[in-house]
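In what follows, a single structure is set out as structure tokens and then discussed.
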Amino acid sequence: MKTLTKLVALSVLPLLTAGAWAEVTQDCIVEGTVNKQKARETGKDVYVSFHSASRASDDASCQLNRRGSRVVFKEPRNALIENAPDGATVQYRYTELNHQQGEWTLLNVSL
């Protein structure tokens, strides 16, 4: 039994050291509307006007609604959002680790 306990402890150790210090500092569900005119004006493939943000989990905060909060929307290449019609509602999950640049994940497009 001692050997099994040591084996489990040793196999878990690399996982703990690799990811133990990564803190989720923001975890948000962000909703917005596709704005084709603004995309043309700015020369971008897609432009989303965001209107709300809420916490995605109890483990992290979502401070995107606070005054002075500045988060840059970096749209991952996705044909679904690029071909969405003007006025479509989109929902993203924004996750930030250790106060570094966050990651955007498309959750839903409502036409």
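Each of the peptides 100-111, 31-42 was scored by the mean count of other Cβ atoms within 10 Å over its residues; in descending order, highest first, they stand as 31-42, 100-111. Solvent-accessible surface of the stretch 24-110, averaged per residue with a 1.4 angstrom probe and all protein chains in place: 65 square angstrom.
Ranking of Arg77, Arg93 by solvent-accessible surface, largest first: Arg77, Arg93 (1.4 Å probe, protein heavy atoms only, all chains present).
One equal scatterer on each Cα of the stretch 24-110, no solvent, Debye formula: the resulting log10 I(q)/I(0) at q = 0.16 Å⁻¹ is -0.62.
Across the stretch 24-110, the mean sequence separation of Cα contacts (distance under 8 Å, 6 or more residues apart), normalised by length, yields a relative contact order of 38 percent.
Here the accessible area of the stretch 24-110 is 41 percent carbon and sulfur, with a 1.4 angstrom probe and all protein chains present. For Ala56, neighbours were defined as the other residues whose beta-carbon sits under 10 Å from its Cβ, and their charges (Lys and Arg +1, Asp and Glu -1) total -1. The distance between label points at Ser52 and Leu111 comes to 2.3 nm (points 7 Å beyond Cα on the Cα→Cβ vector).
The values are calculated or read from the model by the stated rules, or taken from the named source; none is laboratory data. Just so we're clear, the structure is a prediction, and the values are computed from it rather than from any experiment. Methodologically, a virtual Cβ is constructed for each residue, glycine included, from the backbone with ideal geometry; neighbour enumeration extends over all protein chains shown. Side chains included, ligands, DNA and RNA excluded: accessible areas come from the protein's heavy atoms. Shrake-Rupley method; radii C 1.70, N 1.55, O 1.52, S 1.80 Å.
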